Amino acid sequence: MRFEQAFQLVGVAEGGYVNDPSDLGGETICGISRKHHPYSKIWEYIDKWKERGMTPYGINKLAKTTPEFMDFVKAIYRGAYYNPCKCPELKSLYRYPLFNCAVNIGVKNASKLFQRALGVADDGIIGTKTIRKAYISSPKTVLEKFYANWEGYYDMVVSKRPEQAKFRKGWHNRIEQVKKDNCD
């Protein structure tokens, strides 16, 4: 799957503006958290809209219809998640699941889950050995293991932080949707 299509699908999964105090990511728009991207231009937009008294619904609507805003979102997705996971260098079937996972749990964690599915050292950095192994491995087997690892990651989060259990169903639904959408 190419970046443009993956970008659209991740955008649907991530939704819009959320500021749930129990969400470990904190204030988030389109899956981009202020905590992890505090200096992004997108926060200038969000702060301006909040100062004008916009509701989360209004912020969501305006964000999705402001081309410059979505260009910043796209640049973050590509530069902070898609490219660091080496998605352009991987088989098409691996790109979207890995990218989607990285947006949700971070590049290093997503890369480790992918590396474990491949049976290579899980250092969290997709390099030549990981890419080579991905090309000679059965995509079906790798993806089954990757999805299982991803589910296990969420279960581990909930076991360490039980207050996160309220997100578990949504997280697992996300994986199921990725499985359905990933048909290159």
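Surface composition of segment 31-100: carbon and sulfur atoms hold 56% of the protein heavy-atom accessible area at a 1.4 Å probe.
Restricting the calculation to Cα atoms, the chain shows an Rg/Rh of 0.98 when the hydrodynamic-style radius is the Kirkwood one. On a per residue basis, segment 51-144 carries 50 Å² of accessible surface, using protein heavy atoms and a 1.4 Å probe.
The simple spin-label model puts a point 7 Å past each Cα toward its Cβ; for residue 36 and residue 5 those points are separated by 2.4 nm. With contacts defined as alpha carbon pairs under 8 Å and 6 or more residues apart, what's the relative contact order of segment 55-184 in percent? Over segment 55-184, the number comes to 20 percent.
For the pair residue 176 and residue 133 in one chain, pulling the backbone fully straight at 0.36 nm per residue adds 13.0 nm over the alpha carbon distance. Averaging 1/r across all pairs of distinct Cα atoms in segment 61-121 and inverting the result yields a Kirkwood radius of 12.4 Å.
Within straight-line reach of residue 41, meaning a Cα separation under 23 Å, sit the following lysines at least 8 residues removed in sequence or on another chain: 50, 61, 64, 74. By the compact-protein rule of thumb, 2.2 N^0.38 Å, the alpha-carbon radius of gyration of segment 112-184 corresponds to a ratio of 1.22.
Taking 7 Å steps out from each Cα toward its Cβ at residue 163 and residue 48 produces label points 3.4 nm apart. Across 70, 54, the residue with the most accessible area heads the list, and the full order at a 1.4 Å probe is 54, 70. In order along segment 27-43, phi translates into HN-Hα couplings of 4, 9, 9, 6, x, 9, 8, 4, 4, 9, 9, x, 9, 5, 4, 4, 6 Hz, rounded to whole numbers, per the Karplus curve 6.51 cos²θ - 1.76 cosθ + 1.60 with θ = phi - 60° and x for Gly and Pro.
The values are calculated or read from the model by the stated rules, or taken from the named source; none is laboratory data. Keep in mind that what you see is a predicted model, and the values were worked out from it rather than measured. Neighbour counts are summed over all protein chains in view; Cβ atoms, including those assigned to glycine, are modelled from backbone coordinates with ideal geometry. The area values use the complete protein model at the heavy-atom level, side chains included, leaving out ligands, DNA and RNA. Shrake-Rupley method; radii C 1.70, N 1.55, O 1.52, S 1.80 Å.
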